[in-house]
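Notes to accompany the following structure.
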Amino acid sequence: MSKGSINVSVENIFPLIKKFLYSDHEIFLRELISNATDATLKLKHLTSIGEAKVEYGNPQIEIKVNKEDKKLHIIDQGLGMTADEVQKYINAVAFSGAEEFLDKYKDKVEDAGIIGHFGLGFYSSFMVADKVEIITKSYKDEPAAHWTCDGSPEYTLETAEKTDRGTEIILHISEGEEAFLEDAKINELLTKYNKFMPIPIKFGMRTETLPKPEDAKEDDPAPTQEVDNIINNPNPAWTKQPADLKDEDYKSFYRELYPMQFEDPLFHIHLNVDYPFNLTGILYFPKMTNDLNIQKDKIQLYQNQVFVTDNVEGIVPEFLTMLKGVIDSPDIPLNVSRSYLQADGAVKKISSYITRKVADKLKSLFNNNREDFEAKWDDIKIVIEYGMLSEEKFFEKAEAFNLFPTVDGKYYTYDELYNAIKAKQTDKDDKLVILYASNKDAQHSYIETAKAKGYEVLLLDSPIVSHLIQKLEASKENISFARVDADHIDNLIKKDDTKISKLSEDEKTKLDDILKAVIPGEKFSVQLETMDSTAAPFMITQPEFMRRMKEMQQTGGGMSMFGNMPETYNLIVNTNSTLVGDILNTEDKDNQERLINQSLDLACLSQGLLKGEALTNFIKRSYDMIK
Ligand code: ADP
Ligand code: MG
């Protein structure tokens, strides 16, 4: 037996480890299983090149809990270590790694979240154990070694009896860390971090039901047998070639990733690059809702099949964090802060590669089966629109598949829309006016009015649409968007107006005075228009610009000054309508006022603007009128 002192400059490394990694104690298991996996894969490699002349077999990694003796065992059948190698790799290498880590991070404890991503390696076991043993037998023809360390720089190293190849790590769990002796806790950790690791991981046994023998009687119980309980799927779908996978395989992998998710994904994107960086993965488009926040943090980041985090912010472009799935890359630096990550060249390349792949996939889905793409549009538009707003490259590519649905369920690309309306929907300055509604019910009467004129009305109802049309207007020449109840629509009305006014200019001036005496000027700006006599007498529109700025404010962005502006509306008065003629000609002042108020209230009502006291007054007045 030999004794020694580990050569570290940090006097007592263990209390430090415990302190710094307080919140991330659980990662020790991930680290030890990673080491066991590495050791097994190294042996696989050595046997495959003939370097190790042993049978590789079907190695597995076993986790055993001994609650009584407060011990946790991690056992592998990998290449093992000789006594010399323990000296070298455990006493020297592992410690220097731990020291370097602490050196780097001891001042940055508050930068939470980064430490857990970065393994302290073997020494993280001292976060939960006050004594650690390694019993290891190398594949080489040398005796097994037994290393023991109680958390001080002193260790012992002696020969051991172990004859089968591989390494057993024994953790003597410290007081206060007994949670790691609970089966349920270990199960939870294995499922979280090791679900897709490449070597089978055994934890306990489970009962498997076998098929009944042919001659079994009706109520004979089915036979059972005890089998190893394997926690992981060593060959997850993302590690395979797309050509070897069917649609059903992708769906079942989705269910494996999200067992609580009952809805199938809409489609998937298989990522696979090895130059200039290494990245594999599968992204899924789930059905989206209009709520942007609840669906984040669903993409899982792996490094060589080891789970790292489900916060992929900075690695995946923001708009794609709404997707689900996995990304696996050894090239993503995990031991750095998020802000550094965003500036990192490799990470930037990864992010733009993912964006491009997603755009390409959307384009091919659109080209290959437009009908299906249209059917899915409502569920995916939020991602596409968000992407167009936030990533210039994606904006350019999305031109090919971004759709503009109409209120009647037709879908246009931008070019198609342009061609469809360019003959009709230009205003007096020859600017193309694209009409849209954001709510079919609330804007029903406006939609009908616009359609009656032969205009195409889009249905753009996602929460960020005001931002998007602002961007489209800026990037295209000579177009403007106007909601059906917006003031721009007046320009269209004016342009095609060939109506002859029933009122003389003098009468119009008189009408204007009468209206303004009753209608509150701070809220409504009265505009007299010559329209069809059958069109509504009063109609309320809202300045497009003002409304859009207010909406943009609510969803982030826009110019803040508009958020606080009072709501103002245009009141369009149809001078050709009979009712407006009556208002003008009534001698009875009371009746005149009543007609104006009633008409104004009706116009407000159709915009959903009549509330509170105004609504109460309206109802009372209406009853009075029908009495
Ligand atoms: P890293 O895994 O990053 O090299 P660790 O501190 O986790 O750092 O491990 C240090 C070294 O100890 C490993 O590189 C390996 O050589 C050796 N080692 C650790 N665990 C095992 C094991 N289960 N089997 C064989 N060697 C191991
Ligand atoms: Mg390691």
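Of all residues in region 96-112, none satisfies being within 12 Å of ligand 2 (Cβ to nearest atom) and either open to solvent by 60 Å² or more (accessible area, probe 1.4 Å) or at pLDDT 90 or above (or both).
In the list Asp601, Asp582, Asp590, Asp532, which residue meets the criterion of being modelled with pLDDT under 90 and among the acidic types (Asp, Glu)? Only one candidate qualifies: Asp532.
Whether any residue in region 477-494 is at pLDDT 90 or above, among the charged types (D, E, K, R) and surrounded by 13 or more Cβ atoms within 10 Å (Cβ to Cβ) is what I want to check. Within region 477-494, one or more residues are at pLDDT 90 or above, among the charged types (D, E, K, R) and surrounded by 13 or more Cβ atoms within 10 Å (Cβ to Cβ). From the list Phe394, Phe401, the one residue that fits, being part of a loop (DSSP other than H, G, I, E, B), open to solvent by less than 10 Å² (accessible area, probe 1.4 Å) and either touching a Lys or Arg at 6+ places or on another chain (Cβ under 9 Å) or within 20 Å of Leu468 (Cα to Cα) (or both), is Phe401. The conditions of being aromatic (Phe, Trp, Tyr), within 12 Å of ligand 1 (Cβ to nearest atom) and at pLDDT 95 or above are met by Tyr139.
Screening the candidates Thr555, Thr541 for the property of being modelled with pLDDT under 80 and either among the β-branched types (Val, Ile, Thr) or open to solvent by 30 Å² or more (accessible area, probe 1.4 Å) (or both) yields one hit, Thr555. The sole residue among Ala437, Ala423, Ala452 that is closer than 24 Å to Lys471 by Cβ, small (Gly, Ala, Ser) and not assigned by TED's automatic domain parsing to the domain that holds Thr280 is Ala437. Annotation: of all residues in region 76-93 being within 16 Å of ligand 2 (Cβ to nearest atom) and surrounded by fewer than 20 Cβ atoms within 10 Å (Cβ to Cβ), the one that is modelled with the highest pLDDT is Glu85. Can you find, within region 203-245, the residue that is nearest to Ile327 (Cα to Cα) among those that are among the basic types (Lys, Arg) and surrounded by 10 or more Cβ atoms within 10 Å (Cβ to Cβ)? Checking each candidate, the answer is Lys240.
Tell me, which residue of region 33-68 that is acidic (Asp, Glu) and closer than 20 Å to Ile134 by Cβ is most open to solvent (accessible area, probe 1.4 Å)? My answer is Asp38.
The values are calculated or read from the model by the stated rules, or taken from the named source; none is laboratory data. Please read all numbers here as calculations on a predicted model, not as lab measurements. So basically every Cβ, Gly included, is an ideal-geometry build from the backbone, and we count neighbours across all protein chains shown. Remember, those area values only see protein heavy atoms, side chains included, never the ligands or the DNA or RNA. Shrake-Rupley method; radii C 1.70, N 1.55, O 1.52, S 1.80 Å.
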